[in-house]
Amino acid sequence: MPSIARLTMALALVGAVAATPVQLDKRSSFTVEQVKHTTHLKNGAALKVKTLRKFGKEVPQELLDASENWANNNANILSADAGGSQGSDPAVPSDSYDSSYLSPVTVGSTTVHLDFDTGSADLWVFSSLQATSQLSGHDYYHTDASKVKSGYSWEISYGDGSGASGKVYADKVVVGPVTATSQAVEAATSVSSEFSQDTNTDGLLGLAFSTINTVSPQQQNTFFDTVKSQLAAPVFCANLKYHAAGTYDFGFIDSSKYTGPITYVNVDSSNGFWGFTATGYTVGTTTTKASLPGIVDTGTTLIYTDTAVVRAYYAKVSGAKNDSTQGGYIFPCTATLPNFAITIGGVAQTVPAKYINYAPLGDGTCFGGIQDDTGLGFSIFGDIFLKSKYVVHDKTSSTPRLGFAQQVGV
Ligand SMILES: *[C@@H]1O[C@H](CO)[C@@H](O)[C@H](O)[C@H]1NC(C)=O
């Protein structure tokens, strides 16, 4: 079994929640600041393994091997990394590769750090129901037996036997100034080692559509669906940052965080995701029309897209190659990269070239932030794309929509 989580052992900086002034109508709008999640080296193959698993796809053996090889080759670096602990300043504050973004959330009586994930719809959290050996390094939900939803359970499982499962509680969840008094909280009874070893992440807060929530016998609403009527407007905006902690705005659109217009497109939520179809892509200055059905997903680190798009991009990067031992495209770290854009609603949404250099592999080559979606069947515009964007997720009308704008200062 590949040890993805081992690779994400890292140091974290404690973040804070900053509330914007409360609206006169007493409905809320607020900003959640993320906690920085620093990682010193990244395993590109493991990222693809994780993404395929997340979307319920089969993982090719070749990719598992690439991930394992990487871990073995970097065992010395990883064990040094594992010395880090939560809440302290990084001992080696050198690099950070934005592998995930965490935000503080109070569940019941405890504040935990959750990965706000627009590509899933469960709010699951480490809990006191787990063996203490799994809780080391984590903050966790202290379950309250009086709040249990008896007969309810949840389970996320993957092809190789890894996963998480547990019981369901209706408890208080507080994000910023907004409280959901009876939110479905999915308390883990057990998690596989991939999860327990990633001491930064205490769970996930899903922001996709409630139709893909995994609770049975009855699906539960996401936190956003629970509180959206308390918000000044039923929107949230993702403002992830390059090598820095970003923010999520709930209930309002912060016009100080983007420049130019916001371009809106209707969302196809039939699969439970924030789906849309991009109509082209640009490499450097060359634009090509193409139909690229895909989703935005804050819980996916890279951009995974059509093979033809990926080839067109790396054709412009000298020395780039699709390296099966690394699980994707790599290039000399000194190579000059072109900008990349996808066309959304007729507007090119550009990712600056340097964002596409995801991480050095330690041997002078770097792992690309754009990789093929082989095995997925649709594009995932993950953090590499989102880090330069201000993205509005709008449920004001019956057809939800996404709005895209370029971040200020990008
Ligand atoms: C890269 O190689 C893998 C096989 O190792 C293949 O599945 C994938 O489609 C290739 N990607 C591109 C963009 O050619």
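For this structure, a couple of remarks:
- Taking the criterion of being away from the ligand (no atom under 12 Å from the Cβ), open to solvent by 60 Å² or more (accessible area, probe 1.4 Å) and free of Cβ contacts under 8 Å to residues at least 24 places away in the same chain, the only residue of the stretch 313-332 that qualifies is Ser318.
- Number of positions in the stretch 298-312 that are near the ligand (Cβ under 9 Å from one of its atoms) and buried (at least 18 other Cβ atoms within 10 Å of the Cβ): 3
- Residue check for Gly377: open to solvent by 10 Å² or more (accessible area, probe 1.4 Å) and within 16 Å of the ligand (Cβ to nearest atom): yes
- Residue match in the stretch 110-117 (condition: of a type outside the set (A, V, I, L, M, F, W, C), modelled with pLDDT under 90 and in contact with a helix residue (DSSP H, G or I) (Cβ under 8 Å, 6 or more places away or on another chain)): no
- Scanning the stretch 287-297 for residues that are farther than 19 Å from Leu402 by Cα and either open to solvent by less than 10 Å² (accessible area, probe 1.4 Å) or within 16 Å of the ligand (Cβ to nearest atom) (or both) gives Thr288, Ala290.
- Lone unmet requirement of (1) within 15 Å of the ligand (Cβ to nearest atom); (2) part of a strand (DSSP E or B); (3) out of contact with any Gly (no Cβ under 9 Å at 6 or more places or on another chain) for Cys366: (1)
- Residues of the stretch 335-348 that are without any contact (Cβ under 8 Å) to a residue 60 or more places away in the chain and in contact with a strand residue (DSSP E or B) (Cβ under 9 Å, 6 or more places away or on another chain): Ala335, Leu337, Pro338, Asn339, Phe340.
- One residue alone among Ala335, Ala359, Ala341 is more than 23 Å from Phe273 (Cβ to Cβ), of a type in the set (Gly, Ala, Ser), in a strand (DSSP E or B) and away from the ligand (no atom under 16 Å from the Cβ), and that residue is Ala359.
- Test: residue in the stretch 263-286 that is surrounded by fewer than 23 Cβ atoms within 10 Å (Cβ to Cβ), within 16 Å of the ligand (Cβ to nearest atom), farther than 23 Å from Asp115 by Cα and of a type in the set (A, V, I, L, M, F, W, C): yes
The values are calculated or read from the model by the stated rules, or taken from the named source; none is laboratory data. Predicted, not measured: the structure shown is a model, and the values here were computed from it. When we count neighbours, we look across all protein chains shown, and the Cβ atoms used for this are built from the backbone with ideal geometry, even at glycine. Accessible surface areas use protein heavy atoms only, side chains included; no ligands, DNA or RNA. Shrake-Rupley method; radii C 1.70, N 1.55, O 1.52, S 1.80 Å.
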